[in-house]
Ligand code: MG
């Protein structure tokens, strides 16, 4: 079956939580993308950590530039596979809206603070941002996005959280985590584009930071192949340009691999109509060889970059900032704290802290404690 017939169709969206008249010139997925680009949480991504803290350098990826790269890779693959580019772009631009300041360290610290109060999880928070926390429209909270966009944003979900979502919205975006079904091909594509993007840009940022070097990365089989290819075509290439050319070749090869492997998987699954997609499992995928190579690269980055003493030291300090802010605001709620019906004070504080940029969190922390955590 042609992939185009399996693409999400805005004319057949499962709709928005609050009915709205259609936009005269845009599809529902285009409209979602536009709402995301204009929302406050999106602008905050520019000052949120991807791996390196915002003050560590101007050229490292932030959540915003990461999201743009995921959208670029996703759209590029979607166009070739004839999937819906607008939906891919909307999901990609929104997928990290729920991230706390200071990356995964911030999320882990906030989750620890919220242990007795329902926990904190950045995917669920991204959904919460677009469903509840954005305050832009007269008639509803959130951005009132289409089901398909919300489904893609909720990339992972624990069973407990899925049950809670299901209770509020039966058969909604939590359902697939209980039923074990697959989301749209566009949502599947965004997951993989996310992985392709961060593997590539974390090599670039890691080498730029000096925490890893080209010789080390050259020991990762996937990267080594492209490094050899770059040198074979340009024998005198070295330094940054050699790094960029090798990453460029790796990105292209991964994109082509996803396109071929996905076409094969869809063909092999023999799906007769789009309605059969949820039962067909994840079809947007790497070939087995590329899956293995990409996982090995992830492992390398984990061991050598994300676990580098300088990164873990920054992250430990950042975790302490989040813990201090939480303890303080629960005792003394800030004037800006919005207490929504049905939410605990702790949840409101978690929303408030999760919405902070790195630098806002650091200056709030300094104002409270009188201490500069980074100087
Ligand atoms: Mg991401």
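Any read-out appearing in this document is the output of simple, stated calculations on the displayed coordinates, not a laboratory observation. Quick caveat, the model's predicted, so the values are computed rather than measured. No Cβ is skipped: glycine too gets one built from the backbone with ideal geometry, and neighbour counts run over all protein chains shown.
Spin-label model, residue 265/residue 328: points 7 Å from Cα along the beta carbon direction are separated by 4.6 nm.
Only Cα sites of segment 69-209 enter the Debye sum here, all with the same form factor; the resulting log10 I(q)/I(0) across q = 0.13, 0.14, 0.20 1/Å is -0.63, -0.72, -1.31, listed in q order. Comparing 82, 112, 289 in a Gaussian network model of the chain, where Cα atoms under 10 Å apart are tied by springs, the biggest mean-square fluctuation is seen for 289. Take the Kirkwood radius over Cα pairs of segment 246-287, plug it into Stokes-Einstein at 4 °C and 1.567 mPa s, and you get 116 µm²/s for translational diffusion. In terms of other Cβ atoms within 10 Å, 352, 256 run from fewest to most in the order 256, 352.
How many angstrom separate the Cα center of segment 195-272 from the Cα center of segment 68-110? For segment 195-272 versus segment 68-110, the Cα centre distance is 19 Å.
Evaluated at q = 0.14, 0.16, 0.28 Å⁻¹, the base-10 log of the normalised Debye intensity for segment 138-209, with identical point scatterers placed on the Cα atoms, takes the values -0.58, -0.69, -1.23. With a ≥ b ≥ c taken as the square roots of the eigenvalues of the C-alpha gyration tensor of segment 72-154, please select rounded if a/c is under 1.5 and otherwise prolate if a/b is larger than b/c or oblate if it is not? Because a/c hits 1.5 or more and a/b fails to exceed b/c, segment 72-154 counts as oblate. If the chain linking residue 79 and residue 25 were pulled fully straight, counting 0.36 nm for each residue of separation and taking away their Cα-Cα distance, it would gain 17.4 nm. Among 191, 161, 199, the residue with the largest mean-square fluctuation in a Gaussian network model of the chain, with springs joining Cα atoms closer than 10 Å, is 161. Calculated mean residue ellipticity, 222 nm, the chain: -18500 deg cm²/dmol, from DSSP H runs (n ≥ 4) at -39500 (n - 2.57) each, averaged per residue and rounded to 500. As a proxy for reagent exposure, 87, 53, 3 were ordered by neighbouring Cβ count within 10 angstrom, fewest first; the result is 3, 53, 87. How would segment 1-94 be classified by its alpha-carbon gyration tensor: rounded, prolate or oblate, with rounded meaning a/c under 1.5 and the a/b versus b/c comparison settling the rest? It comes out oblate by the Cα gyration axes. The separation of segment 1-39 from segment 116-133, counted between C-alpha centres, amounts to 23 Å. Here the Gaussian network model covers the chain, with springs between Cα atoms less than 10 Å apart; of 342, 98, 281, 342 fluctuates the most.
From the largest down, segment 57-110 spans 40, 25, 12 angstrom on the principal axes of its Cα atoms. Distance between the C-alpha centres of segment 45-66 and segment 305-375: 17 Å, rounded to the whole angstrom. Along each principal axis, taking the top coordinate minus the bottom one, the Cα set of the chain gives 62, 53, 37 Å in descending order. Fewest-first ordering of 18, 286, 360 by other beta carbons within 10 Å of each residue's beta carbon gives 18, 360, 286. Stokes-Einstein at 25 °C, 0.890 mPa s, Kirkwood radius from Cα pairs: D for segment 227-364 in µm² s⁻¹? For the chosen part, D equals 121 µm²/s.
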